[in-house]
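Q: Handing you this structure, nothing more for now.
The values are calculated or read from the model by the stated rules, or taken from the named source; none is laboratory data. Just so we're clear, the structure is a prediction, and the values are computed from it rather than from any experiment. FYI the Cβ positions are ideal-geometry reconstructions off the backbone, even for glycines, and counts take in every protein chain you see. In case anyone asks, the SASA skips ligands and DNA or RNA and just uses the protein heavy atoms, side chains included. Shrake-Rupley method; radii C 1.70, N 1.55, O 1.52, S 1.80 Å.
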Amino acid sequence: MRHVRPMGTSGGRRDVDELRSGLGRWLRFTRGAELADITHPSAGLSNETLIVTLDDGIRLVVRLPPTLASFPNHEFAVQALVMEVADRDGVAVPAPVEVVTDESWLGVPFIVMPFVEGHIPGPASVLDPWRTDATPPEQRAAQTAMVDVLAAISRVDWRTG
């Protein structure tokens, strides 16, 4: 396992000012865009997730390996391929996905995808307000939607990726 030395961290997250600098340079270089805002969502443990807003209002999600890895290897290229195949076969995923392996921008590789509005479940999703505060019809709709997504995933032909 390769040891990753992330930028300065605080509470398991990288320094936002360092991220702002590196992402700002990357956005200018690759997209000709300026970074307007960067935030950490409150949920998400398997990666460090950032919501990035560009000067034109477009929002992106940037995922970095966590500072305290819960598993030894973050295969962002494999994750991107899985999302692209799922998207091609009609599963609702944020695509397209861009994998950035050049560590000179943020000190680690990262993955960039479109922002999709929605609720991010916390580490104990059974206790999330979307579940506990929902009415029975809302809970049924969420459960039905989850089963529909699982069925769509099961139909993906993984051999053609």
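A quick yes/no check of all residues on (1) open to solvent by 20 Å² or more (accessible area, probe 1.4 Å); (2) at pLDDT 95 or above; (3) outside any strand (DSSP E or B):
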position: ASP17; (1), (2), (3): yes, no, yes
position: ILE38; (1), (2), (3): no, no, no
position: THR49; (1), (2), (3): yes, no, no
position: ARG63; (1), (2), (3): yes, no, no
position: LEU68; (1), (2), (3): yes, no, yes
position: ALA80; (1), (2), (3): no, no, yes
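Q: Return the pairs, sorted by first residue and then second, in which the second residue is modelled with pLDDT under 90 and open to solvent by 90 Å² or more (accessible area, probe 1.4 Å), the first residue lies in region 10-29 and is within 17 Å of THR67 (Cβ to Cβ), the beta carbons are less than 7 Å apart, and the residues are 6+ apart or on different chains.
A: What qualifies is GLY12/LEU68.
Q: Name the residue that is farthest from ARG159 (Cα to Cα), counting only residues in region 82-106 that are outside any loop (DSSP other than H, G, I, E, B) and in contact with a strand residue (DSSP E or B) (Cβ under 6 Å, 6 or more places away or on another chain).
A: Filtering region 82-106 for residues that are outside any loop (DSSP other than H, G, I, E, B) and in contact with a strand residue (DSSP E or B) (Cβ under 6 Å, 6 or more places away or on another chain), the one farthest from ARG159 (Cα to Cα) comes out as VAL100.
Q: Could you list all residues from region 123-148 that are open to solvent by 70 Å² or more (accessible area, probe 1.4 Å), modelled with pLDDT of 80 or more and under 20 Å from ALA92 (Cβ atoms)?
A: Within region 123-148, GLU138, ARG140, GLN143, MET146, VAL147, ASP148 meet the criteria.
Q: Next question. Cβ-Cβ under 6 Å, sequence separation 6+ or interchain: first residue in region 91-104 and at pLDDT 90 or above, partner surrounded by fewer than 16 Cβ atoms within 10 Å (Cβ to Cβ). Which pairs?
A: Sorted first by the residue in region 91-104, then by its partner, the pairs are VAL99/ALA77.
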